[in-house]
Amino acid sequence: MDPKHIRNFSIIAHIDHGKSTLADRMLEITGTIDKRRMRDRLLDDMDLERERGITIKARAVTIYHVKDGEKYQLNLIDTPGHVDFNYEVEKSLQACEGALLLVDASQGVEAQTVANAYLAIEANLEIIPVLNKIDLPHARPDEIAEEIENSLGLDGTNALAVSAKTGAGVSEVLDALVEQVPAPTGDPAAPLRALIFDAVYDEFRGIIVYLRVFDGTIREKERIRMMSAGKVFEALEVGRFNPKMDRSGALGAGEVGYFISNIKTLGDVAVGDTLTLDKGPVVKPLPGYRPAVHMVYADFYPTNNGDFEELREALSTLKLSDSALDFAPVTSDALGFGFRCGFLGLLHMEIVQQRLEREHDLDLIQTAPTVTYRIVNHDGSEREIHSPGQLPDPDKFESILEPIARVSIMVPAEYIGTVMQIAIEHRGVYVRQEYVSATRVQLTYDIPMAEIIYDFYDKLKSSTRGYGTMNYELLDFQAGDLVKLRVLVNSADVDALSSICHKDQADYRGRQTIKKLRKEIPRHMFEVPLQAAVGGRIIARETIRAMRKDVTAKCYGGDITRKRKLLEKQKAGKRRMRSVGNVDIPQKAFLAVLGDK
Ligand code: GDP
Ligand code: MG
C-alpha cells in the first residue's frame, strides 16, 4: 500500500484505563472482527493475561478505515502497561508515528500515564489525548484534560472524549488518527530496513517475529540478516495480523506485520535489532537495542528433590517464549538443587512462578527476591552478586554498591504526608514535588531498589487506599551500609533464609524473621534454638522447646486405623519438609519467612 495511506500508532495508558477495551471496539467498528466472534480483550490471548487483566507481550493488528472515500491502513501496536516491561513499550513506540494517550476520565493522570507519555514524546510521536470512560457518572473530562496539560504540557483542549465500553466517540478517534498522525516517510525503493519490535513463541509455528518496515520491502524466500546479531534466516512466511496471521507474501515500506523462519528459540531474536537483506547493500541500522536488565533475582527449588530435571525442562520451555528470563543452577544446604533466576521485576517473577506451577505442575520453594549488588574489592575491581549467600565476609571487600531507582509517585494531595513517611522508612531521598492539578501531586524520590521489592509498593497502595500509583527506573549504583542478616537453626546457618539489608534495619527484620520461624517449625525431641545474627553478633533469639511425648501415644490401646492414619499424615507432612542439621523445617516456614512481609 502507498505509505500515504498508512498510519502506525500505539495506545499508551496506565493499567486499567481501557486500552484493551478500546482496541476491541476499534476492531469491531472497522469490521476487522465479526461482532458474533468478538470476545472481551481479544488481543490479550495468553491465559494469564486474560485472568489478571494485564497485557504482557506487545501485539499488533492491522485495521482498515475509510475516511472521505479513501481507504487507510491503520496498524495498531499494543504495548504492555506494566513498568517491568518498559523496554517493550519503548520498542513498540519506535515502530509508530503516533500514539493515543488514553486516560480514564474518572481516575485522571497516573504514574504510568506520565512515564509512557514521556517515552512517546522522546520517540517523537504525534500524541492524541483521549479521555475514556465518559459513560461513568463520576467522569470529570474537563478536569482531567487540565491534568494532561499540567503534567505533560500537551494541549488538553481538543482531547477526544470516548467510551470504549459503549463505543461512543470511537470512530472520531479513527478519523483523528488519519488526520493527525503523519504517514510513514520511508523510501519504498531503498534497500530493506526494518525494526524487530517483538517476537513470540508459538507452539505450532515456532518463532514469530514482529516487524515494522521502514525502507524497502520484505518478501518471502529472501534471506534476511539481523544486523546486530549477525544471523541470517530465510523468510518462509510474511504477513499481517488481521488479527489472525494473514499471509501476504510481502510487506512494503511503512507496513507492520510478521515473518516466520526456522528460528528455534527466542534467544536468537533480539528485539530492537534491524533487519536487512543478506545480499543487499549495507544500510545504517535503526537506533540500537539493549539487552534485558534483570532487576530482581530469586532461587526456585523443587519441593521434591527428584523434580530437579523437570524444573530444568520447564524453565527451558518457558525461556522459549520469554527471552527476558534467565536461569542457572544453584545448590543450597537447606534446599538442595535448584535454579537462580533473573527477572525484569516482581510482576515478571510472579508470572514465571505461576506458569511453572500451573503449566508444568511443579511444587516450588522460592527464596526471597534480591536485587543485584556490586561488591567493590580491596583492589578496586567490582563484581556482581545475586544472592545473600554470595556476600563475602565484611573484611574481604571494600564496599557494597546497591541499585537506586528514581521513583515517581502520583497521589491525591491529602496523601503527601503519608507517602513522605513511607519513603523515609524505605531510605528514600527526596527529589521534587509537582502539582498536576489542584488536588493531585507527583512526588519524586530516589529509593534503593531493594526497598521497592521489599514492600514499598504494597505499603504505598494500602496507605493511599489504592490511589497511589508509581513508576520507577534504574538511576545508578550507590554505596550502602549493608549487612548480611544470618539465620541459624540449631546453630547451623541456613543460607536460604538469610538476606541482605541496611544496618539500621537488621535488628527489626531479624526479630521478625525469628518470630515467624518459631511459629512454623514443629517441636523436636530436643530443644531447637533459632537465632538471627549479623556477623558474629546475635540480634534475636527464640527457642522451640523439646517435645515431651510420642504423637502416637494417645492412640495406644485405641483403634489401629486411627493410628495408621496419623502416621501416614506425618509421612506426607515430612515430604514437604527440609532437614537442616537434624532439624526438620517445613516448606511453610520458608514461605512464611521468604514470602509476604
Ligand atoms: P487496560 O488495562 O488499559 O487494557 O484496560 P482494560 O481494557 O482491560 O479495561 C479495564 C477495565 O475498565 C475493564 O473492566 C473494562 O471493562 C473497563 N472499561 C474500559 N473502558 C471502559 C469505558 O469506556 N467505560 C466503562 N464504564 N468501563 C470501561
Ligand atoms: Mg490491557
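Out of residues 5 or more away from S106 or on other chains, whose amide H comes under 5 Å of its own, with H placed 1.01 Å from N in the peptide plane?
Placed amide hydrogens put R140 under 5 Å from S106.
Scan around A334 for amide H atoms under 5 Å from its own, H built in the peptide plane at 1.01 Å from N, and keep only partners 5 or more places away or cross-chain.
Distant-sequence amide H within range of A334: D495, A496.
Too long at a 20 Å Cα-Cα cut-off: which of K264/K319; K221/K244; K4/K71?
The answer is K221/K244.
Could you tell me which of L125, P412, V436 has its Cα farthest along the dipole of the chain towards the positive end, charges placed at Cβ (Lys, Arg +1; Asp, Glu -1), taken about the Cα centre?
P412
Stokes-Einstein diffusion coefficient for the range 392-446 at 4 °C in a medium of 1.567 mPa s, Rh from the Kirkwood formula over Cα pairs: what value in µm²/s?
100 µm²/s
What share of all Cα pairs of the range 431-533, in percent, falls into each consecutive 10 Å distance bin?
12, 32, 27, 18, 9, 3, 0
Before rounding to the nearest 500, sum -39500 (n - 2.57) across all DSSP H runs of length at least 4 in the chain and divide by the residue total; then give [θ] at 222 nm in deg cm²/dmol.
Value at 222 nm, helices only, nearest 500: -7500 deg cm²/dmol.
Distance in nm between label sites at D363 and F526, each 7 Å beyond Cα in the beta-carbon direction?
If labels sit at D363 and F526, their model points lie 2.8 nm apart.
Beta carbons within 10 angstrom, averaged per residue: use that to sort the peptides 204-212, 11-19, highest first.
Taking the mean over residues of other Cβ atoms within 10 Å, the ranking is 11-19, 204-212.
I263's amide H: which non-local residues (gap 5+, or another chain) put their own amide H closer than 5 Å, with H modeled 1.01 Å from N in plane and none for Pro or chain starts?
I207
What span do the alpha-carbon atoms of the range 193-277 cover on each of the three principal axes, reported in whole Å from largest to smallest?
Here the spans come out as 27, 26, 21 Å, largest first.
If one computes P(r) from the Cα atoms of the range 341-499, what percent of pairs lie at distances over 26 Å?
For the range 341-499, the fraction of Cα-Cα distances above 26 Å is 41 percent.
Quick one: putting +1 on the C-beta of Lys and Arg, -1 on the C-beta of Asp and Glu, what dipole do you get for the chain around its Cα centre, in Debye to the nearest 20?
2800 debye
Below 8 Å between Cα atoms, with a sequence gap of 6+, how large is the relative contact order for the chain in percent?
Relative contact order, the chain: 10 percent.
Hey, if you put +1 on the Cβ of every Lys and Arg and -1 on every Asp and Glu Cβ in the chain, which of A190, A479, N75 ends up farthest toward the positive end of that dipole?
My answer, from the dipole projection, is A479.
Report relative contact order for the range 260-373 in percent, whole number only (criteria: Cα-Cα under 8 Å, sequence separation at least 6).
Answer for the range 260-373 is 33 percent.
Once each part is reduced to its C-alpha centroid, what is the distance from the range 3-23 to the range 105-148 in angstrom?
Using only Cα atoms, the two centres lie 13 Å from each other.
Using θ = phi - 60° and the Karplus relation 6.51 cos²θ - 1.76 cosθ + 1.60, list the HN-Hα couplings for the range 376-388 in order, rounded to whole Hz, with x at every Gly or Pro.
My calculation for the range 376-388 gives 9, 6, 4, 7, x, 6, 10, 8, 9, 10, 10, 7, x Hz in order.
Can you give the charge dipole size of the range 296-367 about its Cα centre, rounded to the nearest 20 debye, using +1 on the beta carbon of Lys and Arg and -1 on the beta carbon of Asp and Glu?
About 220 debye.
Give the relative contact order (percent, whole number) for the range 137-286; include only Cα pairs under 8 Å separated by 6+ residues.
24 percent
Using just the C-alpha positions of the range 296-367 as equal point scatterers, what log10 of I(q)/I(0) does the Debye formula give at each q in 0.19 1/Å?
-0.67
Among the DSSP beta bridges whose two residues both lie in the range 79-206, what percent are antiparallel, rounded to the nearest 5?
Just about 10 percent of them are antiparallel.
By average Cβ neighbour count within 10 Å, what is the ranking of 150-159, 103-112 from highest down?
Order by mean packing, descending: 103-112, 150-159.
I'm a student and want to see the number: the projected area of the Cα convex hull of the chain, averaged over all directions, in nm².
32.5 nm²
Each reported figure results from applying straightforward, stated rules to the coordinates on display, with no laboratory input. What you see is a predicted model, and the numbers here were worked out from it, not measured in a lab. So basically every Cβ, Gly included, is an ideal-geometry build from the backbone, and we count neighbours across all protein chains shown.
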